[in-house]
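Asker: Take this structure first; my questions come after.
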Amino acid sequence: MAPEAILSHLHRADGSATYTHNGYCIIGAVNGPIEVLRRDEMPEEATVEVNVRPAVGVGSPKERHLETLLHSTLRSIILTRSIPRTLVQITLQVRSLPDEESSTGVSPSLLLLPHLLHTSLLALLSASIPLSTTLTAVLIALPSTNTATASTQLLSPTAQELLRAKPIRSAHVFAFSGEGKLLLNESDGTFSYEEWDEAAEAAQEVCCKEDGGVGLGEGMEVDGREGQNLDDWLRSVVRTKVGHEQRWKSTS
Amino acid sequence: MPQEAQISVNERAFIQDALKEQLRLDGRAFDAFRPLELTFGDEYGVADVQLGKTRVIARISVDVTTPLPERKFDGVFQIITEFSPMASPAFEVGRPTNAEVVLSRILEKAIRRSNALDTESLCIIAGLKCFALRADVHVIDHDGGLIDASCIAVMAALQHFRRPDVLVEGEKATVLSIRERDPIPLSILHQPLCVTFSYFEEGELFLVDSNLAEEQVRDGEVIITMNRHGEVCQIAKYGGAPVEPYALFNLTSLALQKVKEMSKFIQERLDEDAKRRNAGGLLAELSAENDRPFDRPVG
């Protein structure tokens, strides 16, 4: 099932997005470029601030950890040098999580990370912050039943699928840039180098399959997975957004 | 963090002059609320309130803890309001603004101290185990009227929430999951709701449910919390505008009318949601709850 996204629906923030996928619902808002505090001001770059707010309770070290990961990833795709001495403030509010999340045995921050990345990217796009590239992210889980081959890998599994495939030996989050370059990798659990390699390959397939590479992609469609990859999904979301913004032009 | 953008002198004068001519910028009557929208999520205890452009999400969650030593028979109930930069860039994480302090104080007085929730019903084993209920208020979009919207959100979420059932055998308590036993609603004693009146022109004029621009122009505010039975839970007055003591009687009767409308609206939405969940009409069979009079006021 492809993720659902609603863009620019908040009135106060400069850019906003609500992202729903696999039972996760996250509201993201971006304010920027705005005035920055003197102590955070950088003479040649923009400051990026990320706030992750959990659905229940106040932020804990888990959220701080996610913020650090998001911060370093997003900083590398935002053209911070074109808007120096300003602040780009990204707030991500987790609205709902799947009920089974806590019992999957996979680190909850890994489960959340790809969704947070997508939400923040959509919110940044909605706020028209200059970006050098887009990003797509995916979670891959390797169950410990037998030697992991491409077929046993779980590609962006739902919480229920994870529960069924328990115990999960390792979980990996990969984020790729629009050009297919690896931006972020977080892995948890025990795995061999070959397994990681296979997982990375599968993730790249899901995130940014080349138009030419038909072979495996066709196979995926037969398996009942989404026919389009995440890059195509992102493109369609942006196309809808641009179409909406340019409607004054196209109707005349 | 940047300061909240101050309203310009021209804008301020424009709003004030329009009010003198009995006009509001959005064309509402002085005693009219903005369109109210209330939706519930798939889970129990999540209420999404939209009051005009203001949007607040309240979320109830439950946990098991030991009760406070001085209150052995009571559960724990907390309301947490923390503003995020999502609502306005002027809100900084970890540094509460004035509005945030006022909001949490009012909600504390209106809902917690007025005993809207029967905390004794949250006790599992006296002195040893109780439910700790927390209400997280997330402000998503800020266009004034935060207190009214948050109060509606928290009360609607409390009424929507179902806590898991417990099985007590002597000293041993087992919390039964949703799959094992149908969760039971909280025991709500009454439903307090807030109505904020904004004062203008040195207390000559008042508006109901002002938006952010009007809030920035106003001289003072009076927040009245009452339930639909006409019992006043709290009155708070902030700002310097003088208010006639007798005017408060007027305000309370107006507030009662608004609270009645809002309670009715919340009840309608709760009923709709219950109908949606109870598609096959099977919920009544699953219920493990004893019949008790819920909606009757105490005292």
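The values are calculated or read from the model by the stated rules, or taken from the named source; none is laboratory data. Computed from a predicted structure; not experimentally measured. Glycine gets a Cβ as well: all are built from the backbone with ideal geometry, and neighbour counts include every protein chain shown. The accessibility values were calculated without ligands, DNA or RNA, using every heavy atom of the protein model including side chains. Shrake-Rupley method; radii C 1.70, N 1.55, O 1.52, S 1.80 Å.
Asker: Being within 14 Å of another protein chain (Cβ to nearest Cβ), among the polar types (S, T, N, Q) and open to solvent by 50 Å² or more (accessible area, probe 1.4 Å) is true for just one of B:Gln22, B:Gln78. Which residue is that?
Answerer: B:Gln78 is the lone residue from the list that is within 14 Å of another protein chain (Cβ to nearest Cβ), among the polar types (S, T, N, Q) and open to solvent by 50 Å² or more (accessible area, probe 1.4 Å).
Asker: Out of B:Glu70, B:Glu120, report the one residue that is touching an Asp or Glu at 6+ places or on another chain (Cβ under 9 Å), surrounded by fewer than 23 Cβ atoms within 10 Å (Cβ to Cβ) and modelled with pLDDT under 95.
Answerer: Testing whether each residue is touching an Asp or Glu at 6+ places or on another chain (Cβ under 9 Å), surrounded by fewer than 23 Cβ atoms within 10 Å (Cβ to Cβ) and modelled with pLDDT under 95 leaves just B:Glu120.
Asker: Could you grab me the full set of residues in the range A:39-97 that are within 12 Å of chain B (Cβ to nearest Cβ) and assigned to a loop (DSSP other than H, G, I, E, B)?
Answerer: A:Pro54, A:Ala55, A:Val56, A:Gly57, A:Val58, A:Gly59, A:Thr86, A:Leu97 - these are the residues of the range A:39-97 that are within 12 Å of chain B (Cβ to nearest Cβ) and assigned to a loop (DSSP other than H, G, I, E, B).
Asker: Further, regarding this structure: For the range B:131-145, what are the residues that are within 12 Å of chain A (Cβ to nearest Cβ) and either open to solvent by 10 Å² or more (accessible area, probe 1.4 Å) or assigned to a strand (DSSP E or B) (or both)?
Answerer: Correct list: B:Ala132, B:Leu133, B:Arg134, B:Ala135, B:Asp136, B:Val137, B:His138, B:Val139, B:Ile140, B:Asp141, B:His142, B:Asp143.
Asker: Which count do you get for residues in the range A:55-66 that are in contact with a helix residue (DSSP H, G or I) (Cβ under 9 Å, 6 or more places away or on another chain) and open to solvent by 20 Å² or more (accessible area, probe 1.4 Å)?
Answerer: Summing the residues that are in contact with a helix residue (DSSP H, G or I) (Cβ under 9 Å, 6 or more places away or on another chain) and open to solvent by 20 Å² or more (accessible area, probe 1.4 Å) in the range A:55-66 gives 3.
Asker: Another question, then. So for the range B:95-107 (the condition being of a type in the set (D, E, K, R), within 14 Å of another protein chain (Cβ to nearest Cβ), part of a strand (DSSP E or B) and surrounded by fewer than 23 Cβ atoms within 10 Å (Cβ to Cβ)), does at least one residue qualify?
Answerer: yes
Asker: Quick check: is even one residue across the range B:191-211 open to solvent by 10 Å² or more (accessible area, probe 1.4 Å), in contact with an Asp or Glu (Cβ under 9 Å, 6 or more places away or on another chain) and within 14 Å of chain A (Cβ to nearest Cβ)?
Answerer: Among the residues of the range B:191-211, at least one is open to solvent by 10 Å² or more (accessible area, probe 1.4 Å), in contact with an Asp or Glu (Cβ under 9 Å, 6 or more places away or on another chain) and within 14 Å of chain A (Cβ to nearest Cβ), which makes the answer yes.
Asker: With the structure loaded, tell me whether A:Ile6 is β-branched (Val, Ile, Thr), assigned to a strand (DSSP E or B), open to solvent by 70 Å² or more (accessible area, probe 1.4 Å) and more than 8 Å from chain B (Cβ to nearest Cβ) or whether it fails that test.
Answerer: For A:Ile6, the condition - β-branched (Val, Ile, Thr), assigned to a strand (DSSP E or B), open to solvent by 70 Å² or more (accessible area, probe 1.4 Å) and more than 8 Å from chain B (Cβ to nearest Cβ) - is met.
Asker: Taking into account only those residues within the range B:49-64 that are assigned to a strand (DSSP E or B) and at the interface with chain A (Cβ under 7 Å from one of its Cβ atoms), which is farthest from the chain's Cα centre (by Cα)?
Answerer: B:Ser61
Asker: Any chance the range A:222-242 includes a residue that's under 22 Å from A:Ser107 (Cα atoms) and at pLDDT below 90?
Answerer: Of all residues in the range A:222-242, those under 22 Å from A:Ser107 (Cα atoms) come to none.
Looking for residues that are under 22 Å from A:Ser107 (Cα atoms) and at pLDDT below 90, one finds none in the range A:222-242, hence no.
Listed here are the residues, each with its yes/no results for (1) open to solvent by less than 40 Å² (accessible area, probe 1.4 Å); (2) more than 25 Å from A:Asn51 (Cα to Cα); (3) in a loop (DSSP other than H, G, I, E, B).
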{"residue": "A:Pro114", "(1), (2), (3)": "yes, no, no"}
{"residue": "A:Leu117", "(1), (2), (3)": "yes, no, no"}
{"residue": "A:Leu122", "(1), (2), (3)": "yes, no, no"}
{"residue": "A:Leu125", "(1), (2), (3)": "yes, no, no"}
{"residue": "A:Ser128", "(1), (2), (3)": "no, no, yes"}
{"residue": "A:Val138", "(1), (2), (3)": "yes, no, no"}
{"residue": "A:Pro157", "(1), (2), (3)": "yes, yes, yes"}
{"residue": "A:Glu161", "(1), (2), (3)": "no, yes, no"}
{"residue": "A:Phe174", "(1), (2), (3)": "yes, no, no"}
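Asker: Suppose we keep only residues that are in contact (Cβ under 8 Å) with a residue 24 or more places away in the chain and part of a loop (DSSP other than H, G, I, E, B) within the range B:231-274. Which one would you say is farthest from B:Glu202 (Cα to Cα)?
Answerer: Checked the range B:231-274; the qualifying residue farthest from B:Glu202 (Cα to Cα) is B:Glu231.
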